[in-house]
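Have a look at the structure below, then the notes.
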Amino acid sequence: ERVERGDVVKLHFTGRLDDGTIWDETRGDEPIEFKVGSGRVIVGVETAAVGMSEGQSRTFRIQAEDAFGLAKASLMVNISLIEFPEDVQVGHKVGIRGLHAIVTKIGTSMAEVDCNHPLAGEDLTIKLEVLEIVKASSLEEATFSGGPFWPLELAFMRLPGVVSTQVGYSQGTVEKPDYASVSSGKTGHVECVQVTFDPARVSFVGLLATFFANVDVCQTDRQGRYVGKQYRSGIYYHSASQRTDTAQAMQQVQAQLLEEEKKVKDVPPEEKGDFKIVTDLRAAAEFWSAEPRHQQYLEKLGMPSWKGCQSPIHTSLFLDPEEDQDEAP
């Protein structure tokens, strides 16, 4: 079998610059795994992998346009020093508004940063060795919502067996929504995460466990300080078996919540919180992919996304939509 778009491929790679310098490689480390066409690796690697078979090795020349792009003057920007740590210095790598950047100048009130990739403008030579191919026909999809889509996406990215994630909008009444229109609450959409997973490595029930561990299913049209119908929690099934599994899981979680409620029966109602699940259980509807800047947003900010990672997902990094919608990532 050969690699096709939509397949998941696991491979080793070695990348070299024109002077022979190795800029990255996976030899001696874990191989990379990605869904072809998901945008998780540079275009040149996806293009090169298509048509290869398991066990095959090939070396490719990738032009800068299909690698990390050309260097752009527009990505040299000035930003207020208020947004930087007090000890920032020229040469420091920083995370700014979803981009990794290098500080190039520091003035009295502003700092100049270069948001171009360090290898922007470089042609690359890459050797690929395909280790395993999982055909698209053996993969399944699942869709979840619960607050801002960034933290929920990261939780699923960390789950072994999940091969790709995409954030977007669903369950609304208009076509081609964008972040601004969904945030207005007028389109009826939810911010959601579409998960592609390999059922041979993780079951849908395993995905449900991750959902319930990361979403407060008793909050109506909100998650914490994020309030609005676009933040309502939901599980949107793609098959009859997903619907059945979800209904059973919700019954189990509701039973646990009722047991928790008994422990605080003498606490005033206004203090003890809610113990009733309000999560939507609906059929999956059309999914509209969110803008590129939203995809894998917390990973871009530097939060770890490796499989099995248990590091806390720090909500303090999020921008508050009510305070700064125009600058939302």
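The values are calculated or read from the model by the stated rules, or taken from the named source; none is laboratory data. The shown structure was predicted, so the numbers you read here are calculated from the model rather than taken from an experiment. FYI the Cβ positions are ideal-geometry reconstructions off the backbone, even for glycines, and counts take in every protein chain you see. Side chains included, ligands, DNA and RNA excluded: accessible areas come from the protein's heavy atoms. Shrake-Rupley method; radii C 1.70, N 1.55, O 1.52, S 1.80 Å.
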Kindly state which strands (runs of 3 or more DSSP E) lie completely within the stretch 76-160 and contain at least 1 residues that are without any contact (Cβ under 8 Å) to a residue 24 or more places away in the chain, open to solvent by 40 Å² or more (accessible area, probe 1.4 Å) and touching a strand residue (DSSP E or B) at 6+ places or on another chain (Cβ under 9 Å). 93-96, 99-106
Checking ARG61 against (1) assigned to a loop (DSSP other than H, G, I, E, B); (2) touching a residue at least 40 places away in the same chain (Cβ under 8 Å), only one condition comes out false. Which one? (1)
Condition test on THR187, is it out of contact with any strand residue (DSSP E or B) (no Cβ under 9 Å at 6 or more places or on another chain) and not in a helix (DSSP H, G or I)? no
When only residues in the stretch 21-41 that are in a loop (DSSP other than H, G, I, E, B) and touching a residue at least 60 places away in the same chain (Cβ under 8 Å) count, which is nearest to GLU129 (Cα to Cα)? PRO31
Scan the stretch 8-20 for residues that are in a loop (DSSP other than H, G, I, E, B) and at pLDDT 95 or above and report the count. 0
Among the residues of the stretch 173-180, is there at least one that is assigned to a loop (DSSP other than H, G, I, E, B), touching a Phe, Trp or Tyr at 6+ places or on another chain (Cβ under 9 Å), among the acidic types (Asp, Glu) and open to solvent by 50 Å² or more (accessible area, probe 1.4 Å)? yes
May I ask you to verify whether VAL253 is among the β-branched types (Val, Ile, Thr) and either part of a loop (DSSP other than H, G, I, E, B) or within 15 Å of VAL167 (Cβ to Cβ) (or both)? no
Does GLY185 qualify as being in contact (Cβ under 8 Å) with a residue 60 or more places away in the chain and over 30 Å from ASP19 (Cα atoms)? no
Based on what the data block shows, is THR196 crowded, with 23+ Cβ neighbours inside 10 Å, of a type in the set (S, T, N, Q) and under 30 Å from GLY51 (Cβ atoms)? no
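For every residue, the table says whether it meets (1) hydrophobic (A, V, I, L, M, F, W, C); (2) farther than 30 Å from LEU17 by Cα.
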site	(1), (2)
VAL103	yes, no
CYS115	yes, no
GLU122	no, no
GLU132	no, no
LYS135	no, yes
ARG158	no, yes
THR165	no, yes
TYR179	no, yes
